[in-house]
Each structure stands twice: as C-alpha cells, then as structure tokens.
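What follows is calculated from the coordinates using simple rules that are stated; it is not laboratory data. As the structure is a computational prediction, the values presented were derived from the model and not from experiment. Positions of Cβ are generated from backbone atoms using ideal geometry, with glycine treated the same way; all protein chains shown enter the neighbour counts.
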Ligand code: FES
C-alpha cells in the first residue's frame with residue numbers, strides 16, 4: 001500500500017510501505033526526515049508523531065489508551081494526531097496521507 005508523507009516544509013514523499021510495517025517504519029526505511037522514533041516503535045517516546053489527514057483518520061482506527069496518554073508528550077498534538085509506530089499498514093490504508101511536524105528533524 002502507498003503512503004504519502006508530507007514534510008512540515010511541504011515536500012511530498014509517495015512511497016510503498018509493505019503490509020504489516022508501521023507508518024513509522026515506512027518513513028525510516030525510505031529515508032524520510034521528520035520521524036525520529038527514539039524508542040524504536042514501542043509507543044514510549046512520542047517522537048514519531050504525525051498528523052493524519054482528516055479524511056484518513058477514521059480508517060486508522062484512532063489511538064488506544066496507551067497511545068492516547070503518550071500523545072500528550074508530543075509537541076502540539078492536534079485532533080488527528082497519531083504515533084506513527086502504532087499505525088500498521090493494511091490494504092485498507094492504501095493512499096494514506098500523513099503530515100510530519102516541524103519539531104521532529
Ligand atoms: Fe516511540 Fe512511536 S517510535 S512512540
């Protein structure tokens with residue numbers, strides 16, 4: 001499935017992310033800046049914060065309680081904020097659009 005990552009500065013990256021990989025892993029393996037992922041994907045750092053495009057937010061299922069708590073540690077979270085290590089790619093997310101915060105470089 002395809003994911004579109006949009007950097008804070010406006011640069012757009014369209015990449016294929018294999019089913020089962022997380023949106024965080026997809027960015028890291030494609031060298032897309034803007035996702036630090038200090039904890040390596042275990043929902044413990046909030047440096048993989050992304051803003052999911054509002055049209056896609058429902059499809060991602062929203063954060064569980066643990067992620068919800070951790071999102072409070074992200075910088076300036078918004079109503080469609082997610083931790084990208086907690087979004088696993090599926091065919092249903094083909095075309096997903098996420099925006100990267102200016103604070104993760
Ligand atoms: Fe640390 Fe996602 S990589 S919370």
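Here are the numbers:
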item	result
Pairwise centroid distance, computed over Cα atoms, of the range 71-105 with the range 29-50, Å	10
Ranked packing of 20-28, 39-47, most packed first, by mean Cβ within 10 Å	20-28, 39-47
Mean Cβ count within 10 Å, highest first, over the residues of peptides 30-37, 58-65	30-37, 58-65
